[in-house]
Amino acid sequence: MDIKNKEESFDPSKFTPVGTWTLLCLIIAGMAVAWLFLYFGVFLPRGGVQ
Amino acid sequence: MLTIEIRKLALSHFAVAFGAFGLAALMGFYQVLARSDLIPALQSPGVYFASVSTHGVLMAYVLTTFFIMGFGYVTAVSSLKTPLWNPRWAWIGFWTSAVGTGLAALPLLLGRASVLYTFYPPVQAHALFYIGAALLVVGSWFWAVIMIVMHGQWKKAHPGEPVPLPMFATTANAILWLWTSAGVASEVVFQLIPWSMGLKDTVDPGLARTLFAWTLHPIVYFWLIPAYIALYSFVPKAAGGKLFSDELGRVAFVMLLVLSLPIGFHHLYMDPQQGAGFKLSHGTLTFLVAVPTLLTAFTITASVELAGRINGGTGLFGWIGALPWRNSMVLAGILAAAMLVLGGFGGLVNASYAMNAMVHNTAWVAGHFHLIFGGTTVILYMATTYYLWPRLTGKPLCSSTLPLIQLWSWFWGFVILTTAWHILGLLGQPRRISTVTYHSPLTFAWDPYILTMVVGGTVLMVSAGLFVYILAKSYRQPETGPIQADEIEYAEPLEPVTRVHPLLNGFSVWNIALAVLMLANFGYPIAQFFLIKTFGSVAWGY
């Protein structure tokens with residue numbers, strides 16, 4: 001089935017990338033959590049240069 | 001049209017690129033073995049640093065520059081549907097770069113240019129290395145000029161029409177490269193060549209590092225933009241859909257051009273020769289340059305979500321399973337995105353002014369840039385080559401399954417290798433060391449990750465060999481006949497683009513914005529070396 005036929009069962013003009021938004025929000029949230037963990041959980045506890 | 005001349009031109013560039021890649025991959029494999037200390041007979045700091053310097057130069061400069069030039073010529077003629085402007089210049093550029101590569105290779109392979117791919121003075125290489133590197137860059141300027149001229153000629157012949165997105169992005173990359181390479185070219189021509197030839201006794205490492213920082217970060221985007229072109233131009237079509245937004249792509253490429261240049265001081269956070277204010281400015285802009293990557297992530301993910309839904313995927317994430325995972329371009333796009341997320345996170349840590357101190361000069365940094373460059377960028381070069389190879393050679397690929405195995409193994413090799421390096425970096429292992437004494441209590445914690453690194457390196461060596469094998473075997477297939485440029489199919493936008501804002505169709509204003517940003521961020525930091533008294537350094541080693 002080519003794109004044209006497939007588009008008959010799914011209308012691209014009504015497409016809203018809700019899966020994309022969800023996926024990107026999850027990834028960005030994961031990166032933020034990982035950054036905070038490294039900053040507060042690893043970097044700061046190591047203290048200053050001795 | 002992909003005329004015989006264009007096919008020959010592109011294949012010549014790809015031959016140099018992937019020849020260099022194969023040699024550099026072998027050296028990378030040797031390096032993980034040497035660093036692991038598993039085979040004591042391999043221990044030789046001299047050989048190790050000659051190898052790591054050659055590996056870096058071949059991967060970062062030769063593979064990239066030749067691939068980008070070859071891909072650029074194909075993109076220009078196939079997207080604009082016009083003949084190549086000035087093929088003679090293209091060949092002059094090719095041979096200039098090829099001769100430069102050969103000249104640089106001699107001292108590299110003889111251990112007379114073990115200055116790593118950053119060639120930071122006062123470590124000194126043989127003059128031939130710097131001259132060869134300069135010629136490699138000069139040759140690429142011919143390509144850049146051809147791309148810019150073709151972009152301008154097409155716009156003149158098609159007033160008011162939007163330049164096709166692949167060519168718009170290629171031109172952005174050509175302009176970016178001219179700006180980018182000016183820094184390192186100045187360093188090499190005015191500092192390193194006269195110094196290495198004995199015309200000057202000393203060199204100013206502070207100025208040299210500042211000029212290299214001008215180049216060091218945007219060069220990553222010079223490498224990455226062709227990979228992004230593949231994401232925008234090939235992946236949506238290969239997935240069975242359309243590009244979600246052409247305009248968002250243009251915005252992303254313009255932002256990459258303007259924002260990737262004035263940010264290089266995040267490589268100099270620990271350097272004393274630049275002030276904290278300028279470092280903070282560069283650091284802030286570094287976080288801003290994540291925006292065009294986020295725009296790209298959104299546009300491409302939305303495009304493949306559209307394709308997945310057209311293919312029958314339902315639910316919040318059902319479209320992911322409905323994608324054609326057995327298409328090498330789609331697979332590479334997904335794997336590249338996964339590595340971009342992991343590598344991008346590492347980049348945010350590197351760019352964090354304070355936290356950078358924790359990972360500075362550790363194996364973490366090597367893990368980060370290998371994931372972004374070797375992983376995200378090169379896997380898309382590979383998929384693009386699988387797509388273009390039959391169209392350039394007129395011969396089909398020898399297998400449809402082997403490329404998938406190769407791409408998966410490339411992905412897992414890099415995940416294994418760089419995860420180990422990130423952890424080793426946090427455990428304090430320095431980068432740029434040939435080996436360590438692994439029987440010290442200090443380094444016991446490193447042992448499992450060293451073994452993991454060897455596993456990752458082995459997988460990558462097999463994958464690299466498989467890539468070269470697939471191309472070579474396919475090249476030996478019987479020819480199936482000439483293939484027309486029309487067969488290079490670019491993704492259509494979801495909403496047809498008939499007009500775009502002039503700011504998203506040309507670069508005049510953006511060049512001015514870039515000049516202002518560069519003056520603000522590099523003007524005084526460079527001028528200070530001529531306004532205040534500084535002291536040079538004599539050469540080290542070699």
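Bear in mind that the values in this text are calculations on the coordinates, not laboratory data. Remember, predicted model here, so these are calculated numbers, not experimental data. Neighbour counts run over all protein chains shown; Cβ positions are idealised from the backbone, glycine included.
At a glance:
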quantity	calculated
Computed FRET value (nearest 0.05) for B:Arg432 with A:Asp11, which takes r as the C-beta separation and R₀ as 51 Å	0.35
Positive dipole terminus of the protein assembly as shown, leading residue within B:Trp143, B:Val203, B:Tyr469 (C-beta point charges)	B:Val203
Largest-first principal axis extents of the Cα set of the range B:350-418 (Å)	53, 21, 13
Nonlocal Lys pairs with alpha-carbon distance under 26 Å, chain B (8 or more apart, or different chains)	14
nm² value of the averaged projected area, convex hull over the Cα atoms of the range B:291-345	3.9
Equivalent-ellipsoid semi-axes of the range B:149-206, from the Cα gyration tensor, Å, largest first	41, 10, 7
Order of B:Phe530, B:Phe168, B:Phe18 under a 10 Å beta carbon neighbour criterion, fewest first	B:Phe530, B:Phe18, B:Phe168
For the range B:118-162 and the range B:367-408, distance of Cα centres in Å	24
Cα gyration tensor, the range B:402-542 - rounded (a/c under 1.5), prolate or oblate	oblate
Compactness index (Cα Rg / 2.2 N^0.38 Å), the range B:96-170	1.61
Three-way shape label, the range B:501-542, alpha-carbon gyration tensor, a/c 1.5	oblate
Hydrodynamic radius by Kirkwood, which averages 1/r over all alpha carbon pairs of the range B:23-101, in angstrom	15.0
Helix-derived mean residue ellipticity, 222 nm - over chain B, DSSP H n ≥ 4, -39500 (n - 2.57), to 500	-22000 deg cm²/dmol
Inverse of mean 1/r across different Cα pairs in the range B:4-531, Kirkwood, Å	23.6
Cα-Cα P(r), the range B:14-173, percent of pairs per 5 Å interval	2, 9, 16, 17, 15, 12, 10, 8, 6, 4, 2, 1, 0, 0
Computed over the range B:246-347, Kirkwood Rh from alpha-carbon pairs, angstrom	15.8
Space enclosed by the convex hull of the alpha-carbon atoms of the range B:146-261, per residue, Å³	121
Cα-Cα separations in the protein assembly as shown greater than 34 Å, expressed as whole percent	40
Compactness of the range B:325-383, expressed as Rg and Dmax over alpha-carbon positions, Å	13.2, 43
